[in-house]
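Written below as structure tokens is the structure these notes are about.
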Amino acid sequence: MIDPTPETVRAYAAHMLAVHGGTLRSKATAPEMRAIAKGLALLGITPEAAFLSSFVTTIGASIYVPFTLGEADPTWALWDQISVIAHECRHLAQRRRLGLRYEYDYLTSGARRAALEAEAFSVDAELTHWRHGRLPIEWAAARAESLRSYGIRDLDIAVCARHISIVVHSANSGLVLSPEARTAINWLEAHAPELAAR
């Protein structure tokens with residue numbers, strides 16, 4: 001399978017951020033991210049070091065990334081960077097829809113956090129289908145299971161898995177329902193069609 005080039009990743013990110021109204025920021029250099037990391041650890045949501053190194057975080061219109069865009073590293077391959085930008089663009093849309101309620105819900109309710117992530121994982125499913133072809137239904141369960149590190153309860157993980165599995169079925173039928181995945185796929189088809197499953 002062909003990997004995206006650094007130039008493709010950077011151009012794609014610029015397009016997605018322009019369309020969806022976001023700004024990319026380095027998580028490593030943002031003091032507010034260190035403060036949030038401490039708070040999330042105290043709330044028992046996620047360990048401080050994991051939050052700073054493994055998670056992309058969207059607050060307002062800012063997307064904080066723990067990688068250098070267009071540079072692959074052991075945690076963030078170039079395709080993973082493409083996928084997570086689309087995922088975070090869904091969070092930008094959630095923020096526009098909910099206002100400050102987005103951050104409040106995300107921080108105070110595991111069930112709401114799971115629901116918000118399930119929506120964003122729907123974008124991942126549609127984009128992953130474009131990249132790899134038919135998705136196994138187990139993909140949905142694995143994505144939902146990853147929320148365990150977000151302090152999510154078993155019941156909410158099960159609900160999230162069900163939501164994602166429905167999207168996997170629709171993606172396998174050729175449907176792309178999320179605006180963020182549609183924007184991403186349209187750009188990739190025009191500029192990097194070699195990355196798609198054929």
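Structural remarks
- Filtered residue count, segment 104-157, keeping only those that are charged (D, E, K, R) and farther than 28 Å from residue 185 by Cα: 5
- Every residue from segment 139-170 that is more than 17 Å from the chain's Cα centre (by Cα) and within 17 Å of residue 119 (Cβ to Cβ): 156, 158, 159, 162, 166, 169, 170
- The listed residue being touching a Leu at 6+ places or on another chain (Cβ under 6 Å) and among the β-branched types (Val, Ile, Thr), out of 137, 164, 157: 157
- Candidate set: segment 46-59, residues that are among the aliphatic types (A, V, I, L, M) and out of contact with any Ser or Thr (no Cβ under 9 Å at 6 or more places or on another chain); chosen: the one least open to solvent (accessible area, probe 1.4 Å): 56
- Check on residue 30, touching a strand residue (DSSP E or B) at 6+ places or on another chain (Cβ under 7 Å), aliphatic (A, V, I, L, M), surrounded by fewer than 18 Cβ atoms within 10 Å (Cβ to Cβ) and under 20 Å from residue 116 (Cα atoms): no
- Selection within segment 86-110 - assigned to a loop (DSSP other than H, G, I, E, B) and either in contact with a His (Cβ under 9 Å, 6 or more places away or on another chain) or open to solvent by less than 50 Å² (accessible area, probe 1.4 Å) (or both): 99, 109
- Residue pairs whose Cβ atoms lie under 9 Å apart, sitting 6 or more positions apart in sequence or on different chains, and linking a residue in segment 184-198 that is within 20 Å of residue 120 (Cα to Cα) to a partner that is at pLDDT 95 or above and open to solvent by 50 Å² or more (accessible area, probe 1.4 Å), are 184/15; 187/15; 187/19.
- Filter pass, residue 164 being in contact (Cβ under 8 Å) with a residue 24 or more places away in the chain and closer than 15 Å to residue 132 by Cβ: no
- With a requirement of 2 or more residues that are open to solvent by less than 10 Å² (accessible area, probe 1.4 Å) and farther than 15 Å from residue 84 by Cα, the helices (runs of 4 or more DSSP H) lying completely within segment 111-198 that satisfy it span 138-145, 154-172.
- Checked against the criteria, residue 68 counts as under 19 Å from residue 12 (Cα atoms), modelled with pLDDT of 90 or more and open to solvent by 60 Å² or more (accessible area, probe 1.4 Å).
- Taken over segment 99-152, the criterion of being among the basic types (Lys, Arg) and either over 25 Å from residue 62 (Cβ atoms) or touching a residue at least 24 places away in the same chain (Cβ under 8 Å) (or both) is satisfied by 113, 131, 134, 148.
- Some residue of segment 19-35 being touching a Lys or Arg at 6+ places or on another chain (Cβ under 8 Å) and either not small (Gly, Ala, Ser) or not in a loop (DSSP other than H, G, I, E, B) (or both): yes
- Residue match in segment 71-82 (condition: among the small types (Gly, Ala, Ser) and exposed (fewer than 14 other Cβ atoms within 10 Å of the Cβ)): no
- Residue 69, sole failed condition from (1) out of contact with any strand residue (DSSP E or B) (no Cβ under 8 Å at 6 or more places or on another chain); (2) assigned to a loop (DSSP other than H, G, I, E, B): (1)
The values are calculated or read from the model by the stated rules, or taken from the named source; none is laboratory data. This structure is a prediction, so every number in the text was calculated from the model and none was measured. No Cβ is skipped: glycine too gets one built from the backbone with ideal geometry, and neighbour counts run over all protein chains shown. When the accessible area is computed, the model is the full protein with side chains, heavy atoms only, and any ligands, DNA or RNA have been set aside. Shrake-Rupley method; radii C 1.70, N 1.55, O 1.52, S 1.80 Å.
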